[in-house]
1. For the structure I just gave you, tell me whether Ala58 is in contact with a Pro (Cβ under 8 Å, 6 or more places away or on another chain) and of a type in the set (A, V, I, L, M).
2. Regarding Ala308, is this residue in a loop (DSSP other than H, G, I, E, B) and either modelled with pLDDT of 95 or more or surrounded by fewer than 18 Cβ atoms within 10 Å (Cβ to Cβ) (or both)?
3. Filter region 102-120 down to the residues that are more than 16 Å from ligand 2 (Cβ to nearest atom), under 27 Å from Asp146 (Cα atoms) and hydrophobic (A, V, I, L, M, F, W, C) and list them by number.
4. Just name the residue that is surrounded by the fewest Cβ atoms within 10 Å (Cβ to Cβ) out of those in region 292-305 that are within 16 Å of ligand 1 (Cβ to nearest atom) and aliphatic (A, V, I, L, M).
5. Can you pull out every residue in region 26-54 that is in contact with a strand residue (DSSP E or B) (Cβ under 7 Å, 6 or more places away or on another chain), in a loop (DSSP other than H, G, I, E, B) and surrounded by 20 or more Cβ atoms within 10 Å (Cβ to Cβ)?
6. Which of the helices (runs of 4 or more DSSP H) found entirely inside region 72-181 contain at least 3 residues meeting this: farther than 29 Å from His50 by Cα?
7. Those residues that are within 16 Å of ligand 1 (Cβ to nearest atom) and either touching a strand residue (DSSP E or B) at 6+ places or on another chain (Cβ under 7 Å) or acidic (Asp, Glu) (or both), I need them from region 261-271; list them, please.
Amino acid sequence: MGTTAFRVIDAPTAPEDLVPGEDVPSVALRRLDTLWIQITGTLCNIQCAHCFISCGPANHDLEMMTRAQVKAYLDEARELGAKEYYFTGGEPFMHREAVEILGDAVAQGPTTVLTNAMLLRESTVERLAQRAKETGHELTFRVSLDGFDAATNDAIRGPGAFAQAFEGIKRLARHGFTPIVTATRTWECCGEKAMVAGFERMLKDAGVREVRLKILPSLRIGREKQRSRDYTPCERVTAKMMEGFDTANLICSTARIVTDRGVRVCPILVGAEDATMGQTLKESLGPYPLRHRACHTCYTNGAICSNATGAAQPGACSGTTSPKSP
Ligand code: SF4
Ligand code: SF4
């Protein structure tokens, strides 16, 4: 399966993957369906070897957002017709007011939180389950893991990460949540079947009622660029490639992400200064040029950040599907 020894790699938050030249197509925002919130900036309790925004305990490139900042963006998003909310970081549960802020969002609409599940206390999960029940909107947990046991996961996420995350998943299951496990494909294609089977087993052992698994392609920016490889010069999106291409497949056509530094185009380029669209959402509704090589990963793999788990992904390991319910 090709695990690597865990090591922390120094890498910048901002992607250094700009495409040279003029032949760069732009993508218009069709409508703001989804608001992403970078609630804890680039601060995380761990430092995964593949983190594409190089998050960690000491990365303050983007700082935590206040509850008031998030609330103002939630209000603005509602006015603009947003339908759902995604929280990410860093690790959202490092925020002291994570429960209250998630409560504000789920009162407004379906909400998803991307977490490594390591800091999920029983009381936190219990309060969130109660809050979601009161509002009648769905609260979804997306748990990032990179392997189904300590050997496969901790090679990427660091010693002890699997054991803590497994406890978090068990707590979620006990309170009726069915988390979506999200893994970045850091293994060889030939190991895919064994990885999927391992994740299925692990989720059953944790007491999760239904297996929901999302396998992401790796984004070769931040630490991942140094762990694996950089994009090649051919990996870029050109105007010609956009002919007949449905931009609905790109998250930047229906979403924006808010940070403590303003609004950026998408969660993938959240570390890039040039992806700043404005300070308010209303200022951020214009088109964005696909000038980062990371855009090529979106082009070939679709809306990789959304919750969908069932579709086969073109690209590496083509034809691999996430498992359905057991
Ligand atoms: S991949 Fe997620 S859990 Fe890992 S360092 Fe980055 S933000 Fe933290
Ligand atoms: S990285 Fe993906 S979502 Fe972000 S601007 Fe590029 S194509 Fe759009």
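The values are calculated or read from the model by the stated rules, or taken from the named source; none is laboratory data. All of these numbers come straight from a predicted model, not from anything done at the bench. Cβ: placed from backbone, ideal geometry, glycine included. Neighbour counts: every protein chain shown.
1. Numbers: in contact with a Pro (Cβ under 8 Å, 6 or more places away or on another chain): no; of a type in the set (A, V, I, L, M): yes.
Against the criterion (in contact with a Pro (Cβ under 8 Å, 6 or more places away or on another chain) and of a type in the set (A, V, I, L, M)), Ala58 does not qualify.
2. Yes: the conditions hold for Ala308.
3. Kept after step one, since they are more than 16 Å from ligand 2 (Cβ to nearest atom), are these residues of region 102-120: 102-113, 115-120.
Among the residues that remain, those that are also under 27 Å from Asp146 (Cα atoms) are: 102, 110-113, 115-120.
Of everything in region 102-120, those that are more than 16 Å from ligand 2 (Cβ to nearest atom), under 27 Å from Asp146 (Cα atoms) and hydrophobic (A, V, I, L, M, F, W, C) turn out to be Leu102, Val113, Ala117, Met118, Leu119, Leu120.
4. Start the filter on region 292-305 by keeping residues that are within 16 Å of ligand 1 (Cβ to nearest atom), which leaves 294, 297, 304-305.
From what's left, aliphatic (A, V, I, L, M): 294, 304.
On the way: Ala294: 25, Ile304: 23.
Residue satisfying both the conditions and the ranking: Ile304.
5. We begin by selecting, within region 26-54, every residue in contact with a strand residue (DSSP E or B) (Cβ under 7 Å, 6 or more places away or on another chain); these are 26-27, 32-39, 41, 44, 47, 50.
If we keep only those that are in a loop (DSSP other than H, G, I, E, B) as well, we get 32-33, 39, 41, 44, 47, 50.
Of everything in region 26-54, those that are in contact with a strand residue (DSSP E or B) (Cβ under 7 Å, 6 or more places away or on another chain), in a loop (DSSP other than H, G, I, E, B) and surrounded by 20 or more Cβ atoms within 10 Å (Cβ to Cβ) turn out to be Leu32, Ile39, Gly41, Cys44, Gln47, His50.
6. Values: elements: 98-108, 122-135, 150-157, 161-174.
Result: 98-108, 122-135.
7. Pass one, region 261-271, residues within 16 Å of ligand 1 (Cβ to nearest atom): 264, 266-271.
Those that are within 16 Å of ligand 1 (Cβ to nearest atom) and either touching a strand residue (DSSP E or B) at 6+ places or on another chain (Cβ under 7 Å) or acidic (Asp, Glu) (or both): Arg264, Cys266, Pro267, Leu269, Val270.
Okay, residues lined up against (1) within 16 Å of ligand 1 (Cβ to nearest atom); (2) in contact with a Leu (Cβ under 7 Å, 6 or more places away or on another chain):
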site: Leu80; (1), (2): no, yes
site: Phe87; (1), (2): yes, yes
site: Val99; (1), (2): no, yes
site: Gly103; (1), (2): no, no
site: Pro110; (1), (2): no, no
site: Arg121; (1), (2): no, no
site: Ala129; (1), (2): no, no
